[in-house]
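Have a look at the structure below before the remarks.
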Amino acid sequence: MRTLPEEWYRQSGIQITWPHAGTDWRHMLKEVQTCFAEIAIAIAKRETLLIVAPDMNEVKKQISNKVNMDNVVFVECETNDTWARDHGCITVLEDGKPVVLDFRFNGWGQKFASDLDNQINSCIYDKHVLHAMYENHLGFTLEGGSIESDGKGTIMTTSTCLLAPNRNDEMSQAEIEKYLLESFGAKRILWVDYGFLAGDDTDGHIDTLARFCPNDTIIYIRCDNPKDYHYESLQNMEKQLKSFTTLDGKPYRLLSVPMTDEIKDDSMRLPATYANFLVINGAVLYPTYNQSENDKKAGQTLQEAFPGYEIVGIDCRALIKQHGSLHCVTMQYPEGVI
């Protein structure tokens, strides 16, 4: 029997792909590397951290005096960018044993170069860092940020991303759904048809909008300002989420996090979102944006959703300048893999 475990399933480690001068971060490299270091500190304090980079000695210079290096594993390979959530392997459990699924990453519909990032998984696997069976899915385009699993057989995704013509345009919705159900051993797909963030390059990844949490809970971003550009779409998303039920027919417990106040860069609104949090062993790391009231509310909601977890805020204003956030730069591996 195959399952796609929930993110709060016990983990063996988290992967991040380090920013360097050959990426789009070159004009603000020190700023984003400081943010990555904060993420690395928080993860390596609690579990193994797998860092992928073209030059591991350069990364060591940046973090060795800050991070618990006993919990850090390095893999050297060439990379285009840093979005491990979308180029990283997705792990399923087959009769309790891990299998890493390697999907094609095409730069969110060929928007950006991805030839090197698309080879990271084979690079890691060939170096025997991942102790799991390998499964080739390179004939299908899929990013980890586009799917959410509750670990019970339900996958949540968005129609705007999974059905975008720049991903798997030769396949119908029914064919895509069948492929996902078979690949992940899932029982059903919940398709979210509304919701977006201005400045988002992903065509509406679910991890920017709504996330599964323990106890049949969904956290989602809520917009209460009728003057906000996102208001109507996010209101419609909320209505649709309220219509969803669990596999046994019960409504989900819905908890909302606030829409961030507008953040712009060169007059462009950036896709800041509190839904882009990361669950690790014993803690939830969530992005903050120097908006004290909103940051506080988001942290309180996450504490309600994850009782007994430590809630850790990390300033991610650097990350959203390249249109992503905390969850986007990480990928978890269940226990037994790293």
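Based on the Cβ-Cβ distance of LYS60 and ASP201, what FRET efficiency does E = 1/(1 + (r/R0)^6) give at R0 = 30 Å, to the nearest 0.05? Kindly include the intermediate steps, with their values, before the conclusion.
Numbers: r = 31 Å, r/R0 = 1.02.
Here the calculated transfer efficiency is 0.45.
Using +1 on the beta carbon of Lys and Arg, -1 on that of Asp and Glu, and nothing else charged, what's the dipole of the range 241-323 about the Cα centre, debye to 20? Present the calculation step by step, with values, prior to reporting the outcome.
Working: 9 positive and 10 negative charges, 48 e Å.
Computed charge dipole of the range 241-323: roughly 240 debye.
Please compute the length gained on full extension between GLN300 and ASP265, using 0.36 nm multiplied by the number of residues separating them and subtracting their Cα-Cα distance.
Values: separation 35, 0.36 × 35 = 12.60 nm, distance 2.80 nm.
So the extension gain works out to 9.8 nm.
Place +1 on the Cβ of every Lys and Arg and -1 on the Cβ of every Asp and Glu in the chain, take the dipole about the Cα centre, and give the residue among LEU319, THR217, VAL100 whose Cα lies farthest towards its positive end.
Checking the options against the dipole of the chain, the answer is THR217.
Please give, to one decimal in nm, the separation of the simple spin-label points placed at GLU293 and ASP115, each 7 Å out from Cα toward the Cβ.
Once both label points are built, they end up 5.0 nm from each other.
Roll a 1.4 angstrom probe over the protein heavy atoms and tell me the percent of accessible area of the range 86-131 that is carbon or sulfur.
51 percent
Looking at the chain, which Cys residues are left with no other cysteine's beta carbon under 4.7 Å from theirs?
CYS35, CYS89, CYS161, CYS213, CYS223, CYS316, CYS328
Just to check I understand the Karplus step: with θ = phi - 60° and J = 6.51 cos²θ - 1.76 cosθ + 1.60, what whole-Hz values come out for the range 146-163, glycine and proline as x?
8, 10, 10, 10, 8, x, 10, x, 10, 10, 10, 8, 10, 5, 5, 8, 5, 9
Leaving out ligands and nucleic acids, note down the accessible area per residue over the range 132-254 with a 1.4 angstrom probe, in whole Å². Please report the intermediate quantities before stating the final value.
Values: 5200 Å² over 123 residues.
Counting only protein heavy atoms, the per-residue value for the range 132-254 is 42 Å².
Work through the residues other than ASN290 whose Cβ is under 15 Å from its Cβ and net out their charges, Lys, Arg +1 and Asp, Glu -1.
Details: positive: LYS264, LYS296, LYS297, ARG317, LYS321; negative: GLU31, GLU38, ASP261, GLU262, ASP265, GLU293, ASP295, ASP315.
Surrounding charge for ASN290 is -3.
For the range 98-204, rounded, prolate or oblate, judged on the Cα gyration tensor with a ≥ b ≥ c (square roots of eigenvalues), a/c < 1.5 rounded, else prolate if a/b > b/c?
Working: a/c = 1.82, a/b = 1.22, b/c = 1.49.
Cα axes put the range 98-204 in the oblate bin.
What are the principal axis extents of the Cα atoms in the range 63-158, in Å, biggest first?
Cα extents, longest axis first: 42, 36, 25 Å.
Accessible area per residue of the range 255-334 at 1.4 Å probe, in Å²? Each step should come with its number before you reach the end.
Numbers: 2810 Å² over 80 residues.
Value returned for the range 255-334: 35 Å² of accessible area per residue.
So if I place +1 on the C-beta of Lys and Arg and -1 on the C-beta of Asp and Glu, and nothing else carries charge, what would the dipole magnitude of the range 1-75 be about its Cα centre? I want it in debye, nearest 20. Mind showing how you got there, number by number?
Numbers: 9 positive and 9 negative charges, 29 e Å.
It works out to roughly 140 debye.
Relative to a virtual label point 7 Å from the Cα of ASN71 in the Cα→beta-carbon direction, which members of the range 244-282 show backbone nitrogen distances below 17 Å?
Under 17 Å, as judged by backbone N against the label point of ASN71, lie 278-282 of the range 244-282.
What does the charge dipole of the range 125-208 about its Cα centre add up to, to the nearest 20 debye, if the Cβ of each Lys and Arg holds +1 and the Cβ of each Asp and Glu holds -1?
Numbers: 6 positive and 15 negative charges, 70 e Å.
Charge dipole of the range 125-208: 340 debye, to the nearest 20.
Near THR217, within a Cβ-to-Cβ distance under 10 Å, what is the net charge of the other residues, with Lys and Arg +1 and Asp and Glu -1? If you can, show how the numbers build up before the last one.
Details: positive: ARG211, ARG253; negative: ASP150, ASP216, GLU304.
Net charge in that neighbourhood comes out at -1.
Roughly speaking, what is the stretch gain from ARG253 to GLN173, that is 0.36 nm per residue apart minus the C-alpha to C-alpha distance, in nm to one decimal?
Details: separation 80, 0.36 × 80 = 28.80 nm, distance 2.76 nm.
My answer for the length gained is 26.0 nm.
Rg and Dmax in Å for the range 123-183, alpha carbons only: what are they?
For the range 123-183, the Cα-based Rg and Dmax read 13.6, 37 Å.
Please tell me the relative contact order of the range 1-60 in percent, rounded to the nearest whole number, where contacts are Cα pairs under 8 Å and at least six residues apart. Present the calculation step by step, with values, prior to reporting the outcome.
Values: 42 pairs, mean separation 27.1, N = 60.
So the answer I get is 45 percent.
Given 0.36 nm per residue, what is the gain on full extension from GLU94 to GLU135 after removing their alpha carbon distance, in nm?
Numbers: separation 41, 0.36 × 41 = 14.76 nm, distance 1.16 nm.
Additional length available on full extension: 13.6 nm.
At 1.4 Å probe size, with every protein chain present, just tell me what the per residue accessible area of the range 41-114 comes to in Å².
On the way: 2930 Å² over 74 residues.
Here the per-residue accessible area is 40 Å².
Quick check on the chain: take the gyration tensor over C-alpha atoms, sort the square-rooted eigenvalues as a ≥ b ≥ c, and tell me if it's rounded (a/c under 1.5), prolate or oblate. Don't skip to the answer; put the middle values down first.
Working: a/c = 1.33, a/b = 1.11, b/c = 1.20.
Rounded.
Along the charge dipole of the range 1-141, pointing to its positive end and built from +1/-1 on Cβ of Lys, Arg, Asp and Glu, which listed residue (GLY22, GLY139, VAL67) has its Cα farthest out?
VAL67
Select from ASN168, ASN294, ASN215 the residue whose mean-square fluctuation is largest in a Gaussian network model of the chain (Cα-Cα springs shorter than 10 Å).
ASN215
Using packing as a proxy for protection, rank 12-18, 132-138 so that the peptide with the highest average count of other Cβ atoms within 10 Å comes first.
Working: 12-18: 25.4, 132-138: 14.6.
Ranked by mean Cβ neighbours within 10 Å, highest first: 12-18, 132-138.
What part of the accessible area of the range 197-338, given as a whole %, is carbon or sulfur when the probe is 1.4 angstrom? Show your work: numbers first, answer last.
Numbers: 2380 of 5570 Å².
Result for the range 197-338: 43 percent of the exposed heavy-atom area is carbon or sulfur.
Just to confirm a number: summing +1 for Lys and Arg and -1 for Asp and Glu over residues other than ALA272 whose beta-carbon lies under 13 angstrom from that of ALA272, what do you get? Provide the component values of the computation, followed by the final result.
Details: positive: LYS264, ARG269, ARG317, LYS321; negative: ASP200, ASP228, ASP261, GLU262, ASP265, ASP295, ASP315.
Counting the neighbours of ALA272, the net charge comes to -3.
If you average the alpha carbon positions of the range 34-50 and of the range 302-335, how far apart do those two centres end up, in angstrom?
The distance from the Cα centre of the range 34-50 to that of the range 302-335 comes to 11 Å.
When only C-alpha pairs under 8 Å and at least 6 residues apart count, what is the relative contact order of the chain, in percent?
Numbers: 709 pairs, mean separation 72.8, N = 338.
In percent, rounded to a whole number, it is 22.
Pick out, from TYR309, MET268, MET1, the residue whose Cα sits farthest towards the positive end of the charge dipole of the chain, with +1 on the Cβ of Lys and Arg and -1 on the Cβ of Asp and Glu.
Working it through, the farthest residue towards the positive pole turns out to be TYR309.
Please list the three semi-axes, largest first and in whole Å, of the ellipsoid equivalent to the range 189-320, using sqrt of 5 times the eigenvalues of its alpha carbon gyration tensor. Intermediate results must be reported in sequence, preceding the final value.
Values: eigenvalues 101, 77, 30 Å².
Computed over the range 189-320, the values are 23, 20, 12 Å.
The values are calculated or read from the model by the stated rules, or taken from the named source; none is laboratory data. The shown structure was predicted, so the numbers you read here are calculated from the model rather than taken from an experiment. All Cβ positions, glycine included, derive from the backbone under ideal geometry; neighbour counts span all protein chains shown. All accessible areas refer to the heavy atoms of the entire protein, side chains included, with ligands and DNA or RNA removed. Shrake-Rupley method; radii C 1.70, N 1.55, O 1.52, S 1.80 Å.
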